[in-house]
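Chemist: Pasting a structure here, questions to come.
The values are calculated or read from the model by the stated rules, or taken from the named source; none is laboratory data. On a predicted model such as this, the values are computed, not experimentally measured, just so you know. Glycine also receives a Cβ, built like all others from the backbone with ideal geometry; neighbour counts cover every protein chain displayed.
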Amino acid sequence: MELTGAEIVCESLLKEGVEVIFGLPGGAVLPFYGALSGYPQLRHILVRHEQAAAMAADGYARATGKVGVCTATSGPGATNLATGIAGAMMDSVPMVAITGQVPRPAIGRDSFQETDITGITLPITKHNMLVLNVEDVAPAVKEAFHIARTGRPGPVLLDIPKDVLVGERWPFIWPDKVNLPGYNPPGEADAVQVSQACELINQAQRPVILAGHGILISHAYAELKELAEKAQIPVITTLLGIGSFPTGHLLHAGMPGMHGMAYASLAIDNADLLISLGMRFDDRVTGRLSDFAPNAKVVHVDVDPSEFHKNVRATVPVLGELKQVLGQMLPQVERKTHLDWLQHIDTLRAEHPSLHIRQTDELLPQYVLRQLSDITEGNAIIVTGVGQHQMWAAQHYAYKEPNTLLTSGGLGAMGFEVPAALGAKVGRPDKAVWSIAGDGGFQMTMCDLATAVENNIDVKFAILNNGTLGMVRQWQDFFYDKDYFATVYSGNPDFIKLAEAYGIPGIRVTDKTQVATSIRQAMATPGPVVLDFIVKQDEQVYPMIPAGESVNEMMEEPIPQRVM
Amino acid sequence: MNGNGNHHTIIALVQDKPGVLTRVAGLFRRRGFNISSLAVGNSEQPGLSRMTFVVDGDQYTVDQATKQLDKLIDVVKVANISDEEIVSRELALIKVKVTPATRGEILEMVHPFRAEIVDVGAQSMVIEVTGSGDKIQALYGLLEPFGVLELMRTGRVAMVRGQAEGRVSDDLIINYHGDGLKVNEAYEVGSY
Ligand SMILES: Cc1ncc(C[n+]2csc(CCOP(=O)(O)OP(=O)(O)O)c2C)c(N)n1
């Protein structure tokens, strides 16, 4: 039977096991929607802004490990996806974005709603394709998913002209192979590299593991835990690696970098070996490169060879898929105790209690997160925006499972908190999902509360409302003479009335004593709830290593405030 | 050998797909790599083209450039052949002013370069010269005093001598044909 291009897209999505598509229609993509309505197995979630479609697909992908799918029309629909796509690229999130394009004869004539979206997204996609023939549709979809999910995952965009979607018919033939001679993601690592790496690990006196997003992507948590426990190596999890190793495990040594725990950054500073697993030495982790881990050799395991020596020179690079590589390494890694080293880290932890929250009657944002962590027992999926609340959420919530902190790390896109949480809940209906927002970021995407309502997506939206663009204010505080220019939000809406306007409950919390009950109340209320925590405005995220500096310039919470 | 100094020769085998040149050029621009010359053309294999790049920069830059190129899906193979024994050529067309008085002198001058006169007009002629960049530069320098009206140069094309193809650094490439990798269904959010 011959199908239209649009029907072929739908059939192909079914073959790829797609369950849900986030999107918003328009002229050029309408033929796809016309076909989609005949495929109830493909759940479509209508958003209010295409950025939310891409970010929801991203949240879905991070929470489930499956490929997130979003769609938009040509022109403004497609460009609205761009921020969400860029975030997926930076954080290696598997995503397929499908955009409608003006019909082929109209391409290149500045037609209505024509934008060169493959051109625009060239640097923010792992790959993209303009599909120019109906017979290319099925292979293109198959290739897109294959590229998105394998190797180092990333977003792939398919731009399909309207007349390819609807003009002609073609038999649906699902190719059994992709034809991508230039794409060969690595699997097992070279045996020599593995044995050299293990030799370094076995010789090290003060090793640390830096566990990144790669552990989560390749589901290598069991192997990571085995490695850490067998050789008694402390594990530091990067922002995106949080959840790859249980918080609270005796060997867990926090998060490194700009707002990481002091003991984590100091441990790296003192280490003689970094075992870097699926992480990319972002500048937020390393600070000034010349002062980063000055005494350490580096074993760097990654699936992307361009990460080797990009920021930090690897003594031994090991190219391969992490789970397989760790499987190869484990038998060669010797049992160790590293007693002195672990004791040293415990001392650092005691001397630099980065996570202590000072005693006060004021409502501190850190306190809200600690309460949330305790009450949900570290079992919720936490989706954050970008800013102070993001760092506190990384610091104060005790994540127990993989893929439970979803955050825009590389791009740092405010507004992620609302749509990504929707995507996460759609993908993991079994988990409690909390969106942790700043009042700034929340207002970037809060229009998609309607999407939560319409689809009854049970996300709890907690706004840590400090009435300001907090993280920027913090920089003004530290580095711009407290000139709080353009960071105060004096015209914020009443978020409780806003929730009411959407027909969902809103809870305002102004006092510390109400925090626990309000969290419990929200949990007991089925469906979306908005919680507006009016938190102290002038609260800083500590520790802080200023951008481009080193652990030696780390600022810790001023001593008088610190209560041991 | 041309790996010394700051010039590196990289060759790539790429799929003949729309936009492949944009991808490559965009990558170089975005990552701040400097291309001093670029040549593209069909290869011996249908559907595949060969590109030769001359990249300016230190070892770090050329290492990153090679790896980032390799990441492009449409790029099938990349090799930095700067340290190999290679043959490399550029071609130039030089249109130079001539008068009856200078004609003989120019012809004589061109001869040792094994350059060819490919067009002769009333007041100018076009000289075609092939060789290394230095050779072309040298001829250009000699012709300049006569009045060069136009210069058109190709980028460098390069090939490794002997049997070997441009060696792709082996640790970058592991043969894999897309079979047997985990798909959506196989993914489980495991616990520890
Ligand atoms: C889309 C976008 N625009 C601007 C920024 C720069 N920025 C980083 S943090 C921040 C403040 C965020 O404020 P809010 O969401 O209220 O969170 P808070 O820091 O107060 O917790 C800004 C403006 C950004 N990260 N993303």
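Chemist: Determine which single condition B:ILE106 fails, assuming it passes every other condition in (1) closer than 23 Å to B:LEU38 by Cβ; (2) not in a strand (DSSP E or B).
Modeler: Among (1) closer than 23 Å to B:LEU38 by Cβ; (2) not in a strand (DSSP E or B), B:ILE106 violates only (1).
Chemist: Could you please give the count of residues in the range A:106-117 that are surrounded by fewer than 23 Cβ atoms within 10 Å (Cβ to Cβ) and not in a loop (DSSP other than H, G, I, E, B)?
Modeler: Filtering the range A:106-117 for residues surrounded by fewer than 23 Cβ atoms within 10 Å (Cβ to Cβ) gives A:106-116.
After this cut, where a residue has to be not in a loop (DSSP other than H, G, I, E, B) as well, the list is A:106.
Within the range A:106-117, residues that are surrounded by fewer than 23 Cβ atoms within 10 Å (Cβ to Cβ) and not in a loop (DSSP other than H, G, I, E, B) number 1.
Chemist: Here's another thing I want to ask about it. Taking B:PHE28, is it part of a strand (DSSP E or B) and aromatic (Phe, Trp, Tyr)? Explain how you work it out, then say what you get.
Modeler: Numbers: part of a strand (DSSP E or B): no; aromatic (Phe, Trp, Tyr): yes.
No: the conditions fail for B:PHE28.
Chemist: Given the criteria within 12 Å of the ligand (Cβ to nearest atom) and among the charged types (D, E, K, R), does A:GLU417 qualify?
Modeler: Numbers: within 12 Å of the ligand (Cβ to nearest atom): yes; among the charged types (D, E, K, R): yes.
Criteria met by A:GLU417.
Chemist: Could I ask something else about it? Among (1) within 11 Å of the ligand (Cβ to nearest atom); (2) part of a loop (DSSP other than H, G, I, E, B); (3) in contact with a helix residue (DSSP H, G or I) (Cβ under 6 Å, 6 or more places away or on another chain), which single condition is A:TYR484 missing?
Modeler: Failed condition: (1).
Chemist: Could I ask something else about it? Could you tell me whether the range B:57-74 includes any residue that is in a strand (DSSP E or B) and among the small types (Gly, Ala, Ser)? Steps first, answer last, please.
Modeler: Residues of the range B:57-74 in a strand (DSSP E or B): none.
No, there is no match, as no residue in the range B:57-74 is in a strand (DSSP E or B) and among the small types (Gly, Ala, Ser).
Chemist: Which of the numbered conditions does A:LEU405 fail, given that it passes all the others? Conditions: (1) within 16 Å of the ligand (Cβ to nearest atom); (2) in contact (Cβ under 8 Å) with a residue 60 or more places away in the chain; (3) more than 14 Å from chain B (Cβ to nearest Cβ).
Modeler: (3)
Chemist: Among the residues of the range A:229-245, write down those that are buried (at least 24 other Cβ atoms within 10 Å of the Cβ) and outside any loop (DSSP other than H, G, I, E, B).
Modeler: The answer is A:VAL235, A:ILE236, A:THR237, A:LEU239, A:LEU240, A:GLY241.
Chemist: Mind checking which residues of the range A:490-509 are more than 19 Å from A:ALA450 (Cβ to Cβ) and surrounded by fewer than 12 Cβ atoms within 10 Å (Cβ to Cβ)?
Modeler: A:SER490, A:GLY491
Chemist: Of the conditions (1) away from the ligand (no atom under 11 Å from the Cβ); (2) outside any loop (DSSP other than H, G, I, E, B), A:GLY440 fails just one. Which one is it?
Modeler: (1)
Chemist: For the condition at pLDDT 90 or above, surrounded by 15 or more Cβ atoms within 10 Å (Cβ to Cβ), within 30 Å of B:GLY147 (Cβ to Cβ) and more than 14 Å from chain A (Cβ to nearest Cβ), what is the one hit in B:ILE35, B:ILE94, B:ILE81, B:ILE86? Don't jump to the end; show me each part of the working.
Modeler: On the way: B:ILE35 fails: within 30 Å of B:GLY147 (Cβ to Cβ); B:ILE81 fails: within 30 Å of B:GLY147 (Cβ to Cβ); B:ILE86 fails: within 30 Å of B:GLY147 (Cβ to Cβ).
Being at pLDDT 90 or above, surrounded by 15 or more Cβ atoms within 10 Å (Cβ to Cβ), within 30 Å of B:GLY147 (Cβ to Cβ) and more than 14 Å from chain A (Cβ to nearest Cβ) holds for just one of B:ILE35, B:ILE94, B:ILE81, B:ILE86, which is B:ILE94.
Chemist: Return the only residue of A:SER306, A:SER276 being surrounded by 20 or more Cβ atoms within 10 Å (Cβ to Cβ) and within 14 Å of chain B (Cβ to nearest Cβ).
Modeler: Being surrounded by 20 or more Cβ atoms within 10 Å (Cβ to Cβ) and within 14 Å of chain B (Cβ to nearest Cβ) holds for just one of A:SER306, A:SER276, which is A:SER306.
Chemist: Also, I was wondering about something else. Would you pick out the residues in the range A:78-90 that are more than 14 Å from the ligand (Cβ to nearest atom) and either of a type in the set (Asp, Glu) or surrounded by fewer than 24 Cβ atoms within 10 Å (Cβ to Cβ) (or both)?
Modeler: If the condition is that a residue be more than 14 Å from the ligand (Cβ to nearest atom) and either of a type in the set (Asp, Glu) or surrounded by fewer than 24 Cβ atoms within 10 Å (Cβ to Cβ) (or both), then A:THR79, A:MET89 are the ones that fit.
Chemist: Please work out if A:ASP430 is more than 16 Å from the ligand (Cβ to nearest atom), surrounded by fewer than 24 Cβ atoms within 10 Å (Cβ to Cβ), assigned by TED's automatic domain parsing to the domain that holds A:MET471 and part of a helix (DSSP H, G or I). Walk me through it before giving the result.
Modeler: Details: more than 16 Å from the ligand (Cβ to nearest atom): yes; surrounded by fewer than 24 Cβ atoms within 10 Å (Cβ to Cβ): yes; assigned by TED's automatic domain parsing to the domain that holds A:MET471: yes; part of a helix (DSSP H, G or I): no.
No.
Chemist: Could you say which residue among B:GLY3, B:GLY26, B:GLY104, B:GLY19 is on the phi > 0 side of the Ramachandran plot and either modelled with pLDDT under 95 or surrounded by fewer than 18 Cβ atoms within 10 Å (Cβ to Cβ) (or both)? Give the derivation first.
Modeler: Working: B:GLY3 fails: on the phi > 0 side of the Ramachandran plot; B:GLY26 fails: on the phi > 0 side of the Ramachandran plot; B:GLY104 fails: on the phi > 0 side of the Ramachandran plot.
Only one candidate passes the filter, namely B:GLY19.
Chemist: Moving on to the next point. Away from the ligand (no atom under 16 Å from the Cβ) and farther than 24 Å from A:GLY154 by Cβ: which single residue out of A:LEU342, A:LEU319 fits that description?
Modeler: After ruling out the rest, the residue left standing is A:LEU342.
Chemist: Right, here's the next one. Among A:ALA350, A:ALA314, which is away from the ligand (no atom under 16 Å from the Cβ), within 14 Å of another protein chain (Cβ to nearest Cβ) and either without any contact (Cβ under 8 Å) to a residue 60 or more places away in the chain or under 30 Å from A:ALA52 (Cβ atoms) (or both)? Give the steps one after another, and end with the answer.
Modeler: On the way: A:ALA350 fails: within 14 Å of another protein chain (Cβ to nearest Cβ).
Step by step, each of A:ALA350, A:ALA314 is checked, and only A:ALA314 is away from the ligand (no atom under 16 Å from the Cβ), within 14 Å of another protein chain (Cβ to nearest Cβ) and either without any contact (Cβ under 8 Å) to a residue 60 or more places away in the chain or under 30 Å from A:ALA52 (Cβ atoms) (or both).
Chemist: Regarding A:LYS66, is this residue under 21 Å from A:VAL426 (Cα atoms), touching a residue at least 24 places away in the same chain (Cβ under 8 Å) and in the same structural domain as A:LEU14 (by TED's automatic domain parsing)? Before you say what the answer is, go through the steps one by one.
Modeler: Details: under 21 Å from A:VAL426 (Cα atoms): yes; touching a residue at least 24 places away in the same chain (Cβ under 8 Å): yes; in the same structural domain as A:LEU14 (by TED's automatic domain parsing): yes.
Yes; evaluated as a whole, the condition is true for this residue.
Each row is one residue, and each column tells you yes or no for (1) in the same structural domain as A:GLY427 (by TED's automatic domain parsing); (2) within 12 Å of the ligand (Cβ to nearest atom); (3) assigned to a helix (DSSP H, G or I); (4) touching a Pro at 6+ places or on another chain (Cβ under 7 Å).
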{"position": "A:ASP448", "(1), (2), (3), (4)": "yes, no, yes, yes"}
{"position": "A:VAL453", "(1), (2), (3), (4)": "yes, no, yes, yes"}
{"position": "A:ILE463", "(1), (2), (3), (4)": "yes, yes, no, no"}
{"position": "A:ASN492", "(1), (2), (3), (4)": "yes, yes, no, no"}
{"position": "A:ARG520", "(1), (2), (3), (4)": "yes, no, yes, no"}
{"position": "A:GLY527", "(1), (2), (3), (4)": "yes, no, no, no"}
{"position": "A:LEU531", "(1), (2), (3), (4)": "yes, no, no, no"}
{"position": "A:GLU549", "(1), (2), (3), (4)": "no, no, no, no"}
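Chemist: Right, next: Which condition number in (1) within 14 Å of another protein chain (Cβ to nearest Cβ); (2) outside any strand (DSSP E or B); (3) charged (D, E, K, R) is the one that B:GLU44 fails?
Modeler: (1)
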